[in-house]
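Down below is the structure, laid out as structure tokens.
Bear in mind these aren't lab numbers, they're just calculated from the coordinates by the rules spelled out. Note that the structure is a prediction, hence the values are computed from the model and not measured. Ideal geometry is used to build each Cβ from the backbone, glycine not excepted, and the neighbour counts take in all protein chains shown.
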Amino acid sequence: MTDWKSAANIFGRGTAAGDAIYRCYARPEKQSTLDPVLLERLQKHRREREEAEAQMYHPKPIPKSKAIVSCPRLCLGSRMSSEERAKRRLAAIPRRKGERAIKREMQTLPPLPPPKFNRPALTEDEKDRLNMIFQFGKVPDKLPHFTGKAFVRYAAIDKRLRLKNDFDKLSKRIEELQKEIKAPDVVTEAGTELAVEDGGVVPQPNTKIPYIKRRTVASLESLRHHESVKKEIRDALWEMRELDEEIREINRVEGRVFGLED
């Protein structure tokens, strides 16, 4: 009884496990899916081939010879003696060389040839260019060559910028003075007059004739201050007019000489 039959009998043929094992292993060979006629023909040819091969003569294999044959050894030289072998073993042991031996070897060595480069040697201009690249990441643009015409051009630009700055300063000063004039001042009412008491201006009842207007020290100083401020504004306006004329003249000259618009 084979193993699969004993395993099936252990579980019992009446159980599901025993029946499954028996059905799985009962057939020793799996049925072929070929045509039965073709399968029979192939099996017949195989039997005929096996019978023909069995009738063929098969000589016995020749045993390997154990005779000693001397074969010539080419390019090997004569066998080393024990003394030569010992010398070579001692020479193969790593050890430090002496100073004299090292110097003697260095003197006998031929001098090294100078290195050969595929590219030409660097010039001073190329060194400067590489230095600029390493420092700034790129080669800076070349500075323009300042000629007399360029100097006049830049001088005119500087002068115009200076005049514009002065013009802006005067404009701001005029705005400040106008705000100072427009600031609320001491206003007299009908039937009162101004008097200075304890450093301040206090309205006093007018006991004189109404059409006679009395001016105190504070009012006179205020009028004098207003007049001085107005005069300063007029002077600033006149100076701004002169600055504007100078700027226009510079623009006209540049437009005529350099082909620029005003």
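Tabulated results
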{"item": "Summed residue charge, Cβ within 12 Å of Arg241's Cβ, Lys/Arg positive, Asp/Glu negative", "result": "-4"}
{"item": "In nm, spacing of pseudo-spin labels at Lys230 and Asp168 (7 Å Cα→C-beta vector)", "result": "3.2 nm"}
{"item": "Neighbour-count ranking [beta-carbon atoms within 10 angstrom, fewest first] of Tyr57, Tyr22", "result": "Tyr57, Tyr22"}
{"item": "Cβ-based exposure ranking for Met106, Met132, in which fewest neighbours within 10 Å come first", "result": "Met106, Met132"}
{"item": "Restraint check, Lys116/Lys142; Lys182/Lys231; Lys159/Lys231; Lys159/Lys179; Lys142/Lys164; Lys172/Lys230, Cα-Cα greater than 24 Å", "result": "Lys116/Lys142; Lys159/Lys231; Lys159/Lys179; Lys142/Lys164"}
